[in-house]
Amino acid sequence: QVQLVESGGGLVQAGGSLRLSCAASGRTFSSYTMGWFRQAPGKEREFVAAISWSGGGIYYANSVKGRFTISRDNAKNTVYLQMNSLKPEDTAVYHCAASSKSPLMFTTRVDSWGQGTQVTVSS
């Protein structure tokens with residue numbers, strides 16, 4: 001397994017941008033599909049995006065498609081989530097996750113979780 005630490009959350013106005021980072025420890029990072037979930041207060045955890053080990057396979061939730069971009073740098077053991085055109089409904093704790101599954105099957109098995117970073121979008 002890998003250990004995951006997120007950073008980059010904060011408070012931003014609607015229409016603004018943030019970039020989240022997730023640093024992973026462990027030599028097997030490049031073998032994992034990486035992705036992001038989010039959880040808003042009083043709501044269930046929601047899938048956001050996933051990226052395959054090579055970066056060639058990417059999958060987004062419909063709610064963020066066209067606004068968010070996931071990427072990874074295997075040399076730095078880091079995955080990113082660039083969030084543009086943010087909306088108040090994007091407010092949530094964002095969790096980084098690692099899975100041995102493909103991006104399309106990412107939600108069926110998560111092997112490691114980060115502790116989360118808060119994103120707050122004001123209207």
Practice prompt. Could you check Lys65 against (1) open to solvent by less than 70 Å² (accessible area, probe 1.4 Å); (2) at pLDDT 95 or above and say which number it fails?
Written response: (1)
Worksheet entry | Output for region 20-55, where each listed residue is in a strand (DSSP E or B) and more than 10 Å from the chain's Cα centre (by Cα) | Ala23, Ala24, Ser25, Thr33, Gln39, Glu46
Worksheet entry | Test: residue in region 96-117 that is modelled with pLDDT of 95 or more and more than 25 Å from Gln1 (Cβ to Cβ) | no
Item to complete: State the number of residues belonging to region 82-97 that are crowded, with 18+ Cβ neighbours inside 10 Å and over 14 Å from the mean Cα position of the chain (by Cα).
Response: 1
Worksheet item: Val119: touching a helix residue (DSSP H, G or I) at 6+ places or on another chain (Cβ under 7 Å), on the phi < 0 side of the Ramachandran plot and open to solvent by less than 30 Å² (accessible area, probe 1.4 Å), yes or no?
Response: yes
Worksheet item: Out of the residues in region 6-55 that are aliphatic (A, V, I, L, M) and without any contact (Cβ under 8 Å) to a residue 60 or more places away in the chain, which is surrounded by the fewest Cβ atoms within 10 Å (Cβ to Cβ)?
Response: Ala40
Practice prompt. Check whether at least one residue in region 68-85 is part of a strand (DSSP E or B), of a type in the set (S, T, N, Q) and touching a Cys at 6+ places or on another chain (Cβ under 7 Å), and report yes or no.
Written response: yes
Discussion item. For region 1-19, give me the residue count where each residue is over 22 Å from Thr107 (Cβ atoms), assigned to a strand (DSSP E or B) and among the polar types (S, T, N, Q).
Written reply: 2
Worksheet, complete the sentence: Selection from region 89-123 of residues farther than 17 Å from Glu44 by Cα and part of a helix (DSSP H, G or I) yields Pro103, Leu104, Met105
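The values are calculated or read from the model by the stated rules, or taken from the named source; none is laboratory data. For clarity, every value in this text was computed on a predicted model and none was experimentally measured. Every residue, glycine as well, gets a Cβ built from its backbone with ideal geometry; the counts of neighbours run over all protein chains shown. Surface accessibility is based on the protein's heavy atoms, side chains included, excluding ligands, DNA and RNA. Shrake-Rupley method; radii C 1.70, N 1.55, O 1.52, S 1.80 Å.
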